[in-house]
Amino acid sequence: MWPSPPTSTPDPRLLHGCRSGGKGSPKNRLTDGSVRGWPGGRRPARVVWILTTAGIARCAARAYDTIAASRGASIGPLARPATPVKVAGHDSRRGSHSGRSVATTKTIASTTTTVCANSNQSFLSMKAKTNTGGAATRSGVRSVSARTLGDWLDATLETSRFKDYCPNGLQAEGTRPIRRLVCGVTASLALVKAARAARADALLVHHGWFWRGEDPRLTGTQHLRVRELLDAGIHLFAYHLPLDAHAELGNNAQLARRMGWQTDGRLGEYDLISWHHLPDSRDARQIAAHLKRRLGQTPIVVGTLSRPIRRIAWCTGAAQDMIVEAAKSGADAFVSGEISERTTHLARELGVVYFAAGHHATERYGVQALARAAGQVLGVEQQFIDDPNPV
Ligand SMILES: [Zn+2]
């Protein structure tokens, strides 16, 4: 489906069917220079529209309408008309919901839990931060069908726009309505077990299953993951590129929030590269220290380290080959999660600084923002469980 990229080094992740390893991945494809460019570059009106919080509100309202119309009845959790929904994590100062009102729910508590790396079913901590700042109570928690949740997620992320190399949406069907939604980065066995222990009805992840090129047989580790999930009756929802790209809830947008970078523009396929013009020039060491502070992980830094950095671009995950497109667009530095051997040479020869800030570390935030939004719009309880990964 995707044109073959002129990558110089085979990506070992292809062997494992990892989502970012596909040769056709927009994230790791080298470009031929056909870049849309910086602020003057073409940006679809649709994307500009959805950049606003009003866009989110309208998305939610449209999803509600679709769902309600398809069922001919109220979907229960939502009461309309109501005050506009405030998606947690959005800065209300950036704009008001100038569009229609959408359904809202009571504040739903959410927690962050960490999976113990050495013991699949135990937790380092069962209580961490409360995402929404609301009371940790089940009052106000509602249940929705998998179809309702899936329809809302699909509409919000505009899943149909994307040609991906994994199925986005409901990947495995559970057995019951959804009251408790657990989210995490990758549907590992440890995360599935943790979700089961947390009595999740559904699991929402960025890296799901069934990657193109992967051995489709349910054997070995994949068998164990699937069996655990099905035994627990948990629904599995996965969103890959649509979650990277979403202008408010996506991984790139949420990384920017985490780092304190304004998204001044986006470029590339599906606008997967974001950029920011720093108010003053920084050096590589300062950027690295800031990444470590905000993400809790020391980045690998390569390239032209002496270059002053004003324009910084980023794409989360395994987008190291997008360094070419970012550099051609005028970036002084590019941030992604992973690094390949070739990346060092590319960065040096392109004259930019490259930061490998961690695939997992850069992609922890989109799925949390999405789950929070689902919790607030649909009324389900939601919780983030971290399965730590140094890569
Ligand atoms: Zn990823």
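Tell me, what is the FRET efficiency for SER306 and ARG342 to the nearest 0.05, using R0 = 22 angstrom and their Cβ-Cβ distance as r?
Computed FRET efficiency for SER306 and ARG342: 0.55.
Using 1/(1 + (r/R0)^6) with R0 = 30 angstrom and r between the beta carbons of PHE210 and THR175, what's the FRET efficiency to the nearest 0.05?
About 0.90, to the nearest 0.05.
When the convex hull of the Cα atoms of the stretch 299-389 is projected onto a plane and the area is averaged over all directions, what value comes out in nm²?
One quarter of the hull surface, i.e. the mean projection, equals 6.9 nm².
Under the √(5λ) rule applied to the eigenvalues of the Cα gyration tensor, what semi-axes describe the equivalent ellipsoid of the stretch 135-261? Give them in Å, descending.
22, 21, 14
Distance between the C-alpha centers of the stretch 314-379 and the stretch 194-247? Whole Å please.
With the stretch 314-379 and the stretch 194-247 each reduced to a Cα centre, they are spaced 23 Å.
Every number in this text was worked out from the coordinates using simple rules, so none of it is lab data. Please read all numbers here as calculations on a predicted model, not as lab measurements. A quick note on method: Cβ atoms are made from the backbone with ideal geometry, for glycine too, and the neighbour counts reach across all protein chains shown.
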